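Take a look at the structure below.
The values are calculated or read from the model by the stated rules, or taken from the named source; none is laboratory data. Treat the numbers as computed from the prediction; the structure is a model and nothing was measured. We place every Cβ from the backbone using ideal geometry, glycine too, and count neighbours over all the protein chains shown. Only protein heavy atoms, including side chains, enter the accessible area calculation; ligands, DNA and RNA are left aside. Shrake-Rupley method; radii C 1.70, N 1.55, O 1.52, S 1.80 Å.
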Amino acid sequence: MNPPARTPASATPMVWMTPALCKTIESAGTTAHRLASGPGGWVERLGDDVIISYKQDAARDEMAAGLDAWCQKAAWQPVRVFHRHMPVKNADRISPVLHSGDATLPLTTVVTEAGIRYGLDIGASYSHGLFLDQRVNRATLRELKPKRMLNTFAYTCSFSVVGALAGAETVSVDLSRKSLDRGRHNFTLNELDPAKHRFLAEDTNELLPTLAARGERFDAIILDPPTFSRSKTGRRWQVEDHFEDLLNAALEVAAPKCAILLSTNCTKLDPTTLERHARWCAKVKRRSAEYIRPAMPPDFPAGHGASTLWMMVR
Ligand SMILES: C[S@@+](CC[C@H](N)C(=O)[O-])C[C@H]1O[C@@H](n2cnc3c(N)ncnc32)[C@H](O)[C@@H]1O
């Protein structure tokens, strides 16, 4: 996911969550959530730490002042505050930078969401390892209790952990071996044996036809591709151009009553457009389905977070 894409340019004010909402979220076993969101960036609480993600220095300074005021109101202090610049070009992205707090503490940390443990690495890269806007979708997956789950573009395998805890055999696919290793670590953090699950360092677009040919079928599939990707052979893949190809290939491995999560940060694919594409693919593949537009978590104001849709195949 490429976070900056979904924040509208219009000057909507910064929205801070109330300390009461923070307590409610925390009492549900969640220590990773947004504290504030606005046109110039957002503030995330990650356990004991905070990251301010900003586009311009003025927005960073405004959020830093807002954080001080919020902490006073909430009677809470982060151990460390990091600043993360969101550049216009993805190539200019760097890891968050420590702004205040003990520089000798490790940059790896563990947060919880609904009691599930996830390892974060604030120093590893631009993204720390958990996309907080998917909290409601992870909760939905848990309720669905899949038996065989395919998590494509799996990143650190948060959805796979949830599926496995709900009793599923899981297959996690990502081009990045490092991300899959972090996924295995997330399994271990939750006392799940990674050896009982599959982690495939493959190109999703190439793997799906192979899985279909082998007769593999799944009752939950996560499709959360990046906006742009390049295959191992250098082939360019752009979500708005290739989304239907991806979903058509996924439908070939969808068992009856399969729940497919469609998710994207591409601003050209809002939930209405996603549903239009999904309805077309269902028609092409002669599958009938129901479509559910999930609510965003309460700490995400409108216009923030990925566009997502559940396609419930009959
Ligand atoms: C948007 S993130 C996925 C986030 C994940 N669904 C989550 O909630 O944590 C995109 C991931 O897709 C992976 N990726 C990019 N192109 C890929 C491809 N063609 N096949 C498999 N994985 C790919 C990247 O390495 C990255 O980990």
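Of note:
- Glu240 being of a type outside the set (S, T, N, Q), open to solvent by 10 Å² or more (accessible area, probe 1.4 Å), within 16 Å of the ligand (Cβ to nearest atom) and not in a loop (DSSP other than H, G, I, E, B): yes
- Of the listed requirements (1) part of a strand (DSSP E or B); (2) modelled with pLDDT of 95 or more, Ser229 misses just one: (2).
- Meets criteria (touching a helix residue (DSSP H, G or I) at 6+ places or on another chain (Cβ under 8 Å) and open to solvent by 80 Å² or more (accessible area, probe 1.4 Å)) for Lys73: yes
- Out of Gly47, Gly129, sole residue that is within 23 Å of the chain's Cα centre (by Cα), within 16 Å of the ligand (Cβ to nearest atom) and not acidic (Asp, Glu): Gly129
- Test: residue in segment 97-106 that is open to solvent by 20 Å² or more (accessible area, probe 1.4 Å), under 14 Å from Ile52 (Cα atoms) and touching a helix residue (DSSP H, G or I) at 6+ places or on another chain (Cβ under 8 Å): yes
- Per the conditions (1) in contact with a helix residue (DSSP H, G or I) (Cβ under 6 Å, 6 or more places away or on another chain); (2) over 30 Å from Thr112 (Cβ atoms); (3) within 13 Å of the ligand (Cβ to nearest atom); (4) not hydrophobic (A, V, I, L, M, F, W, C), the sole criterion not satisfied by Asn265 is (2).
- Of the residues Val284, Val253, the single one that is away from the ligand (no atom under 14 Å from the Cβ) and surrounded by 22 or more Cβ atoms within 10 Å (Cβ to Cβ) is Val253.
- Residues of segment 122-143 satisfying the condition of being open to solvent by 10 Å² or more (accessible area, probe 1.4 Å) and under 20 Å from Gly29 (Cα atoms): His128, Phe131, Asp133, Arg135, Val136, Ala139, Thr140, Arg142, Glu143
- Residue count, segment 152-177 (criterion: more than 9 Å from the ligand (Cβ to nearest atom) and open to solvent by 40 Å² or more (accessible area, probe 1.4 Å)): 4
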